[in-house]
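Student: First, the structure itself, so that you have it in front of you.
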Amino acid sequence: MSSSSSKPWRRSWKFWVVVVVVLVGIGNLPGPDGSDEPATAASDTSVTPTPVADEATASAEPEPEPELLFVTDLKDGDSWDASDGNEYRVGLIDTPERGETCSKEAAQFSRDFMASGFTVDAYSTDTYDRVVAEVFDADGDSLNVALAKSGLAGDRYLEEFRHENRELAGRIDTALASAASPNCRSTAPRGFANTEPKKAKPKPKPKAPKKNCAAGYSPCLPVVTDLNCPEIPGPVTVTGGDQYGLDRDGDGIGCD
């Protein structure tokens, strides 16, 4: 009984030995590429994702500088034709028209201001199809504000068109409040008048008597030592001292 009962155990032991040998042999087989490395259950074919750059830290290309324009035909201090084919009008201020007080000075101011070129921030067009804009010189300074500050521009259109650019209107208000008084006008032009101040007319100088005419009489009486009414053809107007005593009643008429 003991002999027969040990046989199943022996067969079971031999079976597990065979299983281990087979497994060890499989592990020592060459890899699929012929190398001595043992084959693996599965090759790692996953792709590592490329990190996406943070938009906040991504480098942005700088915006190109605006192209400088140049004046081709200056109409007056606040309007001109430009190199891009447009006619521009300075917004919210008004300079004198040609022939008016300070017109030459305002035109020269704008010409000098834009001599190195200018850029615009256009925000409207007017009834003449002109581009209404805030105008900047090559350094970024505002011509609209500078003209108001110089005293060469007034606020004729400021209230009417304030709604088109309230931010610019506020800066022009500040400039006009402390505007200079240029030599071409007597006062700073907040709503300026386009005429020169009236000058007092000089009093006319008394006319010198005609040669060989006594002073103070009209018509002419000769210069003599004495003259009486019978020697005169008619009444005379006494305009001076009446050296001949012809106006005895003092009514300004001699020999009447």
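Student: Just order 74-80, 124-130 by mean Cβ neighbour count inside 10 Å, highest at the front, would you?
Tutor: So the peptides 74-80, 124-130, ranked by packing, come out 74-80, 124-130.
Student: Are there GluC sites (Glu not before Pro) in region 94-134 that DSSP puts in a loop and that have at most 10 other Cβ atoms within 10 Å, and which ones?
Tutor: Loop-located and lightly packed - none at all.
Student: On to the next question. Using a basic spin-label model with each label point 7 Å from the Cα along Cα→Cβ, how many nm lie between Phe15 and Asp251?
Tutor: Result for the modelled spin labels: 17.3 nm.
Student: Between region 110-142 and region 241-256, what is the C-alpha centre distance in whole Å?
Tutor: 75 Å
Student: Separate question: Run the dipole for region 126-187 about the Cα centre, Lys and Arg Cβ at +1, Asp and Glu Cβ at -1, nothing else charged, and hand back the magnitude in debye, nearest 20.
Tutor: It comes to approximately 280 debye.
Student: Another one. Which order results if Val224, Val135 are arranged by neighbouring Cβ count within 10 Å, fewest first?
Tutor: Val224, Val135
Student: Sorting Leu152, Leu221, Leu143, Leu69 on the 10 Å Cβ count, fewest up front, what's the list?
Tutor: The most exposed by this proxy come first: Leu69, Leu221, Leu143, Leu152.
Student: Percent of Cα-Cα pairs per 10 Å bin, from 0 to the last occupied bin, for region 71-177, please list those.
Tutor: P(r) over region 71-177, rounded to whole percents: 16, 54, 30, 1.
Here, each number is a calculation from the coordinates, and none is a lab measurement. Owing to the predicted nature of the structure, the values given are computational and were not obtained by experimental measurement. For neighbour counting, all protein chains shown are included, and Cβ atoms are generated from backbone atoms with ideal geometry for every residue, glycine included.
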